Amino acid sequence: MERTLIIVKPDGVQRGLTGEIIRRFEQRGLRIVGMKFMQVDRALAEAHYAVHREKAFFAGLVEYIISGPVVVMALEGTNAVAAARATIGSTKPHESAPGSIRGDLGIEIGRNLVHGSDSVENGEKEIALWFKDGELVSGWTRSTDKWIFENV
Ligand code: DAT
Ligand code: MG
């Protein structure tokens, strides 16, 4: 099963949208394998966004992600990475399609509410960065799985 790392960013938590955002992934059919509420420290923020460290927006991005608590989730499912990215919407909320999280709930790139891994490889790397082994519940199933995943 593919896995993806999702973060409800500080604006999502502050605005009371945590439940609304989790609901969308849950209803899409993704299975939760890890979830925690936490304050991100600067070292973790910089490691998570290391690919952007040379960009002009890097410092602001790090300040944003450490500006308040977040909810971090590891989700799994067939096509989990692409499905979650589509549910999130495009990077700029004002260009995100209505129906997506950013398209329905956001308007500015620096307040775009949620992170989702952009590839299967990065999903695995990010889950390893954000979760310790004992924090993940792997291998559990739902009675609804066969109605969501065709081949289980
Ligand atoms: P995404 O979060 O859609 O995967 P990304 O990985 O390209 O987008 O960038 C990570 C975050 O950095 C993004 O959510 C918001 C911020 N960001 C990206 N491009 C930016 C830009 N041109 N100006 C300001 N912030 C930007
Ligand atoms: Mg990204």
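All of ARG23, ARG53 fail the test of being under 26 Å from SER143 (Cβ atoms) and not aliphatic (A, V, I, L, M), apart from ARG23. Return the residues of segment 50-87 that are within 8 Å of ligand 1 (Cβ to nearest atom), touching a residue at least 24 places away in the same chain (Cβ under 8 Å) and in a loop (DSSP other than H, G, I, E, B); say none if nothing qualifies. Correct list: PHE57 only. Assess whether GLY123 counts as being modelled with pLDDT of 95 or more and open to solvent by less than 70 Å² (accessible area, probe 1.4 Å). In short, yes.
Can you confirm whether GLY103 is in a helix (DSSP H, G or I) and loosely packed, with under 12 Cβ neighbours inside 10 Å?
no
Take the conditions touching a residue at least 24 places away in the same chain (Cβ under 8 Å), assigned to a helix (DSSP H, G or I), under 17 Å from SER117 (Cα atoms) and among the hydroxyl-bearing types (Ser, Thr, Tyr) and apply them to THR4. Does it pass? Spelling it out, it is not the case that THR4 is touching a residue at least 24 places away in the same chain (Cβ under 8 Å), assigned to a helix (DSSP H, G or I), under 17 Å from SER117 (Cα atoms) and among the hydroxyl-bearing types (Ser, Thr, Tyr).
Restricting attention to segment 88-97, the residues that are open to solvent by 80 Å² or more (accessible area, probe 1.4 Å) and either under 27 Å from ARG31 (Cα atoms) or not in a helix (DSSP H, G or I) (or both) add up to 1. Among the residues making up segment 48-79, those that are loosely packed, with under 13 Cβ neighbours inside 10 Å and among the aliphatic types (A, V, I, L, M) are ALA50, VAL51, ALA56, ALA59. Do the conditions hold for GLY110, that is, is it closer than 21 Å to GLN27 by Cα and within 16 Å of ligand 2 (Cβ to nearest atom)? Spelling it out, it is not the case that GLY110 is closer than 21 Å to GLN27 by Cα and within 16 Å of ligand 2 (Cβ to nearest atom). A search for C-beta distances below 9 Å between a residue of segment 98-116 that is over 21 Å from THR4 (Cβ atoms) and any residue that is aliphatic (A, V, I, L, M) and at pLDDT 95 or above, counting only pairs 6+ apart in sequence or on different chains, returns GLY110/LEU61.
The values are calculated or read from the model by the stated rules, or taken from the named source; none is laboratory data. This structure is a prediction, so every number in the text was calculated from the model and none was measured. Reconstructed Cβ throughout: ideal geometry from the backbone, glycine too, with neighbour counts over all protein chains shown. Calculation scope for accessible area: heavy atoms of the full protein, side chains included, ligands and nucleic acids excluded. Shrake-Rupley method; radii C 1.70, N 1.55, O 1.52, S 1.80 Å.
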